[in-house]
Amino acid sequence: MYENLIQAIGLFFTFQNVLIVLAGVLIGAIVGAIPGMSTPMGVALVLPFTFTMEPVTGILLLLGVYKGGLYGGSITAILIKAPGTPAASCTVLDGYPLTQKGQARKALDMALYASCFADFVSNMSLILLAGILASLALKFGPPEFFTLILFSLTIIAGVSGDSLVKGIASASLGLMFAVIGLDTVYGTNRFLFGNWNLMGGLSFIPVLIGLFALPEIIRFFVNGAADRVKSAAMRGGGAGLADFKRCFKSILRGSLIGVGLGAIPGIGGAPSAFLSYSEARRTSRNRDGFGKGELEGVAAAEAGNNGVAGATMIPLLALGVPGDVITAIILGAFMIHGLRPGPLLFVENISLIYALFIGIMLSSLYLFIVGKFTIRLISRIAEVPNRILYPIVLLLCLFGTFAINNNMFDVLVMLLMGCLGYVMMLCRFPAPPFLIAFILGPLLEDNFRQSLILSDGGIDILFRSPICILFWILTVVSVVFLVNGRRRTIPFSA
Amino acid sequence: MRESRLIGLVITVLGLLALVVLIPVGIVTPSNVERLALAPDFWPNIIASVFVMMGIILLIAPARYEVPSSGEQPYRSAHATRLVLLLGILFGVYVATPRLGLVVPAMLMVFGLSWLAGERRWKRLIILSFASPIALAAFFTYIASVPIPLGVFEFIYG
């Protein structure tokens with residue numbers, strides 16, 4: 001173990017890696033702070049820049065963007081009542097009233113302290129639990145992986161927006177697009193129609209950028225949306241140790257809620273923030289002040305939101321299944337670098353895992369530094385008008401997509417996926433189920449077919465082992481709970 | 001509800017089209033497949049069937065499985081001319097790149113899009129549309145070692 005740790009330290013501690021995590025957190029905080037730009041969009045735009053990097057460096061950059069994005073969403077939520085991310089909408093409830101009272105600085109400080117603490121707790125849970133889970137998963141074969149991936153597909157219910165039926169239809173479309181290419185068993189063509197560019201299937205990044213970046217940009221240009229308002233001045237004194245102590249109980253509770261919900265595929269930051277907030281309000285002595293500018297409300301929402309960051313990486317690293325859209329994108333990034341997250345990665349490349357852990361821990365510290373010293377800069381950048389910002393984002397999409405294989409076919413795929421994404425947006429079809437299914441589809445099909453080959457065609461192999469049965473039960477229970485939960489918790493379903 | 005029904009109809013038709021035309025024509029299935037479940041078209045057929053089922057559900061009971069919208073208007077007021085202009089610029093870049101390289105079409109794209117979005121300060125427009133593609137091309141060429149087709153700018157980077 002010590003040898004691996006020393007190797008990991010050697011792998012991580014390069015000048016480039018130490019800086020890249022900081023750069024990732026800063027980029028994420030900026031992207032998160034810009035209303036209209038989501039964290040998945042930020043991760044998607046940064047992904048092409050990681051191709052030529054070492055796997056550790058590239059993945060840490062993406063993780064930095066993810067963590068920075070979660071925090072950045074709170075900045076504009078507090079200053080201009082425009083949450084940069086869905087999860088930050090809970091921070092608005094008390095953050096913006098604090099700004100109106102002239103205590104913006106205090107709210108921003110508390111959001112930062114709660115975010116950093118929750119992020120640290122979440123990272124610790126990742127380090128402690130991922131290895132244990134991975135060692136259990138070493139016993140998995142194709143049937144177990146098939147049922148596990150099927151279970152993880154239930155996250156589609158959590159990211160389906162306002163219609164589960166449309167979410168499943170969107171996922172079906174994603175699965176169908178994932179089928180394009182050569183058949184892995186017989187080597188025959190599937191939907192090539194004479195175009196040999198499609199032999200290897202559709203590249204992940206054009207699909208990702210087309211679905212997550214282009215529709216928002218097309219909508220802006222077509223609707224001629226108004227440019228954003230200026231931030232309120234960051235007035236008032238900052239939050240001190242006494243404020244942190246007063247809110248500590250809510251921060252700790254929110255962090256644990258974030259860890260618990262983050263580790264379950266499909267729930268994400270928004271429900272965690274709202275649950276943490278409602279628990280804080282229920283137990284607080286100042287419950288009447290909630291919604292009118294209570295600092296504890298900001299702390300609870302941000303702790304719940306950021307508590308998921310490390311925990312969503314647990315199923316990704318240990319089992320190779322993503323917990324949400326961003327970890328699905330990071331799974332794609334692993335694959336681009338020739339790595340497959342899951343139990344085998346812990347056996348074959350444990351030093352890489354440790355190096356990632358070191359980088360993830362460092363990101364908590366960087367989050368604090370970025371939040372403390374660059375908040376004025378971030379809020380200024382968030383004021384850049386969309387008429388300047390979006391053409392540059394489009395330029396990034398163009399160059400980033402071209403850079404994958406150095407051909408214009410990927411650019412064409414990105415443009416067509418953008419058109420599809422825009423039509424889906426018009427019809428209120430959610431894009432995340434499409435992407436998750438697109439990534440998990442080939443894994444699901446391959447494991448299904450490998451299982452059948454192993455059993456000489458007998459379908460009973462999928463029900464034979466206790467692990468398979470456990471995942472079948474979890475899938476059914478998860479579907480029932482998620483569907484019932486959607487009926488009751490409308491704000492959480494987005 | 002009418003909109004959901006229409007979407008349901010489109011999904012059903014597309015799914016049936018996939019089942020009847022796209023899959024049989026687009027997927028080559030060898031004659032020696034022993035098990036149905038191992039055939040290359042088995043999985044696509046299941047996916048298309050699920051797609052059709054979702055379409056039928058939207059068609060029959062559009063409101064039953066849908067959480068009411070938060071009140072935000074869907075994008076009905078899409079301005080057709082702006083959409084055509086935008087798509088013209090985007091696909092224009094795709095068509096022009098093999099002849100002109102990536103940098104010049106990208107410059108024209110940034111200029112055209114910023115103008116389309118309402119930027120009228122010419123100095124800012126020109127600086128932005130020149131500087132940003134050149135900076136990105138420089139990054140990908142020198143730092144990421146990606147051979148970006150530079151077109152007329154080939155001589156600058158040598």
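The values are calculated or read from the model by the stated rules, or taken from the named source; none is laboratory data. In this text, all values refer to a predicted model and were calculated from it rather than measured experimentally. Quick reminder, even Gly has a Cβ in these numbers, built from the backbone with ideal geometry, and neighbours come from all protein chains shown.
Points to keep in mind about this one:
- The set of residues in the range B:102-130 being of a type in the set (A, V, I, L, M, F, W, C), under 18 Å from A:Cys397 (Cβ atoms) and free of Cβ contacts under 8 Å to residues at least 40 places away in the same chain consists of B:Ala106, B:Met107, B:Leu108, B:Met109, B:Val110, B:Phe111, B:Leu113, B:Leu116, B:Ala117, B:Leu128.
- Selection status of B:Ala117, on the phi < 0 side of the Ramachandran plot, crowded, with 17+ Cβ neighbours inside 10 Å and within 11 Å of another protein chain (Cβ to nearest Cβ): yes
- Counted residues, the range A:150-167 - those being closer than 15 Å to A:Val325 by Cα and either modelled with pLDDT under 85 or β-branched (Val, Ile, Thr) (or both): 10
- Where a residue in the range A:71-98 is crowded, with 24+ Cβ neighbours inside 10 Å and its partner, wherever it lies, is among the acidic types (Asp, Glu) and at pLDDT 80 or above, with Cβ under 7 Å and at least six apart: A:Ser74/A:Glu302; A:Thr91/A:Glu302; A:Asp94/A:Glu294
- The number of residues in the range A:260-291 that are aliphatic (A, V, I, L, M) and more than 14 Å from the chain's Cα centre (by Cα) comes to 3.
- Test: residue in the range A:140-148 that is more than 30 Å from A:Phe409 (Cβ to Cβ), among the aromatic types (Phe, Trp, Tyr), within 20 Å of the chain's Cα centre (by Cα) and part of a helix (DSSP H, G or I): no
- Residue match in the range A:277-295 (condition: of a type in the set (Asp, Glu), at pLDDT below 85 and touching a Ser or Thr at 6+ places or on another chain (Cβ under 8 Å)): no
- Yes/no for B:Phe153 being at pLDDT below 90, more than 10 Å from chain A (Cβ to nearest Cβ) and in contact with a helix residue (DSSP H, G or I) (Cβ under 6 Å, 6 or more places away or on another chain): yes
- Top-ranked residue in the range A:163-194 [being in contact (Cβ under 8 Å) with a residue 12 or more places away in the chain, more than 19 Å from A:Val413 (Cα to Cα) and more than 7 Å from every other protein chain (Cβ to nearest Cβ); ranked as farthest from the chain's Cα centre (by Cα)]: A:Thr184
- Counting only residues that are at pLDDT 90 or above and either surrounded by 14 or more Cβ atoms within 10 Å (Cβ to Cβ) or within 14 Å of chain B (Cβ to nearest Cβ) (or both), the range A:471-481 holds 1 of them.
- Lone unmet requirement of (1) in contact (Cβ under 8 Å) with a residue 12 or more places away in the chain; (2) more than 7 Å from every other protein chain (Cβ to nearest Cβ); (3) touching a helix residue (DSSP H, G or I) at 6+ places or on another chain (Cβ under 8 Å) for B:Phe42: (1)
- Hits in the range B:80-99 - residues which are within 18 Å of B:Gly118 (Cβ to Cβ), at the interface with another protein chain (Cβ under 7 Å from one of its Cβ atoms) and in contact (Cβ under 8 Å) with a residue 24 or more places away in the chain: B:Arg82, B:Leu86
- Entirely in the range A:369-438, the helices (runs of 4 or more DSSP H) that have 1 or more residues that are within 11 Å of chain B (Cβ to nearest Cβ) and crowded, with 22+ Cβ neighbours inside 10 Å: A:386-405, A:408-426
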